[in-house]
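The values are calculated or read from the model by the stated rules, or taken from the named source; none is laboratory data. On a predicted model such as this, the values are computed, not experimentally measured, just so you know. Cβ placement follows ideal geometry from the backbone for every residue including glycine, while neighbour counts extend to all protein chains displayed. Note: accessible area is taken over every heavy atom of the protein model, side chains too, but ligands, DNA and RNA are not part of it. Shrake-Rupley method; radii C 1.70, N 1.55, O 1.52, S 1.80 Å.
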Amino acid sequence: MDFFGLNQLSNPSMDVQGWWDSVEQKRLHFLYFGLLVFGLGSFLFLLFCPTQVSRFSTAQRMIEESEKTQTKALTVAALDRVIARFNVSLQGESSSPFFNGDSLSFPASLQESFHEFISEIFESRSPNVIEEEFEAEAAGHFYTGSGYVNSEAVIDVISSRRRVERALWEELLDIAYKAKTRDILYLDFTASDYSRVIQRYLCAFLLAFGGVLLVVPTVITSVEILFI
């Protein structure tokens, strides 16, 4: 009983000499609140963590496991999730005063990989698929003034699935499934890992703070065993 400081806790009128004694007699408080905060952080992690991240430790692990059973429908669904997160992060965060500069849920490095992926599947299309569906002037909006692929215009075609553009988006999805499944799985995992910014930071804070609280009784007990 006395080893865990219960006698000191039950006698508040007892004189305490020095900061060490003050911390030592509250070791159970640190242990209790440390476990409580750490447990709350773990619970919120399980509650908010995306399925891909909770099931697989890395994107490579997810790709290796998912490729065995990946179908076109699953690949398209994964691409749609990436596009949805891309649109939400750029439109939602840009209008919120909480976020400034680089997107926290879809950072610049991920945006660069996504734009490169979109450009690659667009450039792999049949040469005449755009000319058959679009007027010459309308087809020009798929490229920037400097000649690069306007990936946002391509993303709009893929996500909107408009009937008049069916031949184009069907071919792009077909290319994505046949040649870029691994890229889509990587983007899906990474976008999921960066998602839910507020929940991520809250869980990280609770786990870190709970860990710090738990260190205190551990250090006290270790010191007493080794030196007292």
**Translational diffusion coefficient (Stokes-Einstein; Kirkwood radius from C-alpha pairs) of region 117-221 at 4 °C, 1.567 mPa s, in µm²/s** = 75
**Asked** When the chain is fully extended, how far beyond the present Cα-Cα distance does Asp174 get from Arg55, taking 0.36 nm per residue of separation?
**Response** 40.1 nm
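If I take R0 = 41 Å and measure r between the Cβ atoms of Ser113 and Asp21 in this structure, what FRET efficiency does the formula 1/(1 + (r/R0)^6) give, to the nearest 0.05?
0.15
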**Item:** Solvent-accessible surface (1.4 angstrom probe) belonging to Arg125, in square angstrom, nearest 10
**Value:** 40
**Request:** Express the C-alpha Rg of region 162-228 as a ratio against the empirical globular expectation 2.2 N^0.38 Å, rounded to two decimals.
**Result:** 2.31
